[in-house]
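Reading through the structure tokens given below for one structure.
Values quoted throughout were computed directly from the atomic coordinates according to the rules given, and no laboratory measurement underlies them. All values reported here derive from a predicted model rather than from experimental measurement. No Cβ is skipped: glycine too gets one built from the backbone with ideal geometry, and neighbour counts run over all protein chains shown.
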Amino acid sequence: MELAMGIDTGGTYTDGVIMDLSTGRVVKKSKSPTTHQDLTIGIRNCLAGLDGGFWKEIQLVCLSTTLATNATVEGKGSRVGLICLGHEVSESLPVAATYCLPGGHDIRGNAREPLDVEKLRDALKRLEGKVDALAVSGYCSVRNPEHELAVKDEAERMLEVPVVCGHQLTSDLGFQERTATAVLNARLLPVISQLLDSVQQVLRELGVTAPLMVVKGDGSLVDESRARQRPIDTVVSGPAASVVGATFLSGEKDALVVDIGGTTTDIASLREGVPEIHRDGAVIGGWSTKVQAARVHTFGIGGDSLVQVKRGEVQIGPRRVLPLSRAVADHPYLMEELKETWESGEKGMDIIDAQPFDCYLLGRYTPGERLTSWEREVVGCLAAGPHSILHISRSLGRDPNLLNLKGMINRGILLPASLTPTDLLHVRGTFTRWNREVAFLVAEMAALRLQMKREEFVDFVLEEVHRKIASAILQGLVRDLGYQQVDLAGETVLKPFLERILGREEEKFLCRVYLEQPVVAIGAPAREFMPAVTRLLNTRLCIPEHAEVANAIGAAVGRVVIKGVILVRPAAEGGYVAYTPWERKGFICLEDAADYAQRVGREYLVREAAEAGARDISISVQRKDVYSHISYPIEEEIFVESRISLLAVGRPWPRQGEMR
């Protein structure tokens, strides 16, 4: 057997599988809630659900994660200094300080002006002790990296911090995007290292000695050491793994992959067995980058989305909360507190930013954190365990409208538990993992606020969940067509059509859509939600076996894929220049330059793939000569460039004796 372990740390659950890759069989699988306050706990709990008898036999561990994406969006990471060479950045980036110095190159790789070493040393002295990492971005450095490399050498000597160069992360032009990529990569260095340290700690506890690999944003795998150096590559890692897992489990080559989790629904297109990639680089946390990642559309609707009844209307998501059925299963005394709310006259009261059945748990809180006096009272009230909002208000002697817990929730100090679609599935009886009694009670309370019967309310909300997911799929397809700014739900002219497509309205005329691609649905709630969704969209549905752990399976079955491009262009002084990632080299003859590019490109990609953890590496090389046609003063074709595209693919499997 070739046993591999796949682990996926998602926003709601951490999934784990043990797979026999020689047969493609899932040997064991496990799910456990992700513990954001300490990821180690959730990983440990998840792996505890797998059979410990296999630990010594596992030969490979593969990890996918949403951590890099979440950390970028939430503004977490190290303090980064930025040195730009030959050009200033035109957008605000998350850096502690920026210095723009003379240097940089032109499009042909010629220095625009010399690097000013004295100004560089002065800038580095100013950064000393104020940054944890340094990003370096030179103008056209992908045509000649000599200035970036010189800055890197000097900075490592003077600052003794990690230094990230833009040309090492992408071979594409685009100074602004390349600079943002370098900054975000530097910022994420400690974030991914902490996650990998946590995983390694749990693996050591279990006696697992296999190498650890990480899923990149394009769905391929990379060695742990490379992931620590280039954490930006792991952005969209989790959704990319889900696409790989969906492909493996379903056998579909052209489909829409819909991954429904507790927090979000992720939608991606699968073409010829691989996920579609952002052509110009992914947008991460609002910054345009050069990161090659799967084109995944994320929407704030999932099994644990907040169902809020306010002023006679229902809003579902985008906020995620803990389902009350799970909160009461973990803390049974909450049931008594909610029964008191039901029996009192407070069950129908309106509370600002809350509902009368909401409960709160203590989240990420450290004793030294700055809190107001009343915030300290709230923390003290929850120190021994969670409570309902009305219990908290009575304990503190405050009107619940004056508690204003929103700030503490946004900072992660409080974790809210409230009504969710997961609770309503408990009422229906189609999902009964946790406490059903509280689900019935809270659904009754919410229904009364709309003057509905409980069953009517449950049907109404779950149908709205189906419509929101269907609307998200349509929105994703519209974005894939290039209409990034079109908001289907917000376009007044489209509203009558969308309402009829989603089955909310049938007066006057009918409107239907028929999706060309089938839908492969994965994620824990997929079986509950997706049949109704695909009926709205008139398409075939595939929910494969093991769909609930498809992300972890995608991590386990991934391959190492390394891509590279080397350009050969005419030189201004005559002859030709090959632009490699480490130098520009001149030649008299085009064929000599192209042969050199292909030969050293192969050697470079084999080294890169091997360092990324690949074995049994295969290399493919394509050469495309580009000419420009002109007709004045005479008709002729002028050579523009030779584009040497290289692709390395390998198995992430250790050689004998390579176990750590």
Can you give me the orientation-averaged projected area of the convex hull built on the Cα atoms of segment 264-355, in nm²?
9.6 nm²
What is the spread of the Cα atoms of segment 13-93 along each of their three principal axes, largest first, in whole Å?
57, 31, 18
Dipole magnitude (debye, nearest 20) for the chain, charges at Cβ of Lys, Arg, Asp, Glu:
640 debye
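What are the semi-axes of the equivalent ellipsoid for segment 183-243, taken as the square roots of 5 times the Cα gyration tensor eigenvalues, largest first, in whole Å?
Values: eigenvalues 79, 44, 16 Å².
That gives 20, 15, 9 Å for the three semi-axes.
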Provide, in order from the shortest bin, the percent of all Cα-Cα pairs of the chain in each 10 Å bin, continuing until the bin that contains the maximum pair distance.
3, 14, 22, 24, 20, 11, 5, 2, 0, 0
For q = 0.12 Å⁻¹, what log10 I(q)/I(0) does segment 471-595 give under the Debye formula with an equal point scatterer on each alpha carbon and no solvent?
-0.70
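Go through LYS76/LYS310; LYS152/LYS216; LYS468/LYS508; LYS130/LYS585 and tell me which ones have a Cα-Cα distance over 30 Å in this structure. It would help to have the intermediate numbers written out before the result.
Numbers: LYS76/LYS310 33 Å; LYS152/LYS216 25 Å; LYS468/LYS508 23 Å; LYS130/LYS585 38 Å.
Too far apart for the 30 Å limit: LYS76/LYS310; LYS130/LYS585.
Stokes-Einstein D for segment 560-651 at 10 °C, 1.306 mPa s, Kirkwood Rh over Cα pairs, in µm²/s? Mind dumping the intermediate values first?
Numbers: Rh = 14.2 Å.
Rounded to a whole number, D works out at 112 µm²/s.
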Taking the Cα centre of segment 136-247 as the origin and placing charges on Cβ (Lys, Arg +1; Asp, Glu -1), which of ALA246, GLY219, ILE232 is farthest toward the positive end of the dipole?
ALA246
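Considering all alpha-carbon pairs of segment 54-204, what whole percent are spaced by more than 23 angstrom? If you can, show how the numbers build up before the last one.
On the way: 4557 of 11325 pairs.
The share of Cα pairs beyond 23 Å in segment 54-204 comes to 40 percent.
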Restricting to lysines and to Cα separations under 20 Å from LYS56, and discarding same-chain partners fewer than 8 apart, the set is LYS28, LYS29
Relative contact order of segment 517-626, pairs being alpha-carbon contacts under 8 Å that are 6 or more residues apart, as %
18 percent
For segment 37-84, what log10 I(q)/I(0) values come out of the Debye formula at q = 0.17, 0.18, 0.23 1/Å, with one point per alpha carbon and no solvent?
-0.75, -0.79, -1.00
note: segment 225-378, Cα-Cα separations exceeding 22 Å make up a percent value of 62 percent
What value in Å³ per residue do you get for the convex hull of the alpha-carbon atoms in segment 290-438?
162 Å³
What ³J(HN,Hα) values, in whole Hz, does the Karplus curve 6.51 cos²θ - 1.76 cosθ + 1.60 give for segment 392-405 when θ = phi - 60°, with x put for Gly and Pro?
4, 5, 5, 5, 8, x, 10, 5, x, 6, 9, 6, 6, 8
For peptides 609-615, 485-491, sequence by mean Cβ density within 10 Å, most packed first
609-615, 485-491
Crossing angle, helix 436-449 versus the chain [Cα axis fit, 0-90 degrees, rounded to tens]:
80 degrees
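Let me check I've understood the local charge: for VAL533, count other residues with C-beta under 15 angstrom from its C-beta, Lys and Arg +1, Asp and Glu -1. What total comes out? Numbers along the way, then the final one.
Working: positive: ARG467, LYS468, ARG504, ARG512, ARG527, ARG535, ARG540; negative: ASP259, ASP266, GLU463, GLU464, GLU528.
Here the charged neighbours net out to +2.
ASN435: net charge of surrounding residues, Cβ under 12 Å, Lys/Arg +1, Asp/Glu -1, itself excluded? Don't skip to the answer; put the middle values down first.
On the way: positive: ARG326, ARG433, ARG436; negative: ASP330, ASP423, GLU437.
Neighbour charge sum, excluding ASN435 itself: 0.
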Spatial separation of Cα centroids for segment 483-508 and segment 246-301, in angstrom:
24 Å
Log10 I(q)/I(0) at q = 0.33 Å⁻¹ for segment 507-556, from Debye over equal alpha-carbon scatterers, is -1.19
What are the semi-axes of the equivalent ellipsoid for segment 434-487, taken as the square roots of 5 times the Cα gyration tensor eigenvalues, largest first, in whole Å?
34, 12, 8
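As a check on your grasp of the helix formula, calculate [θ] at 222 nm for the chain: sum -39500 (n - 2.57) over DSSP H runs of n ≥ 4, divide by the residue count, round to the nearest 500.
On the way: 19 runs with 233 residues, N = 660.
Only helices count here, giving -11000 deg cm²/dmol.
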Given a Förster distance of 60 angstrom, what is the FRET efficiency for LYS76 paired with ASP625, based on the Cβ-Cβ distance and rounded to 0.05?
0.85
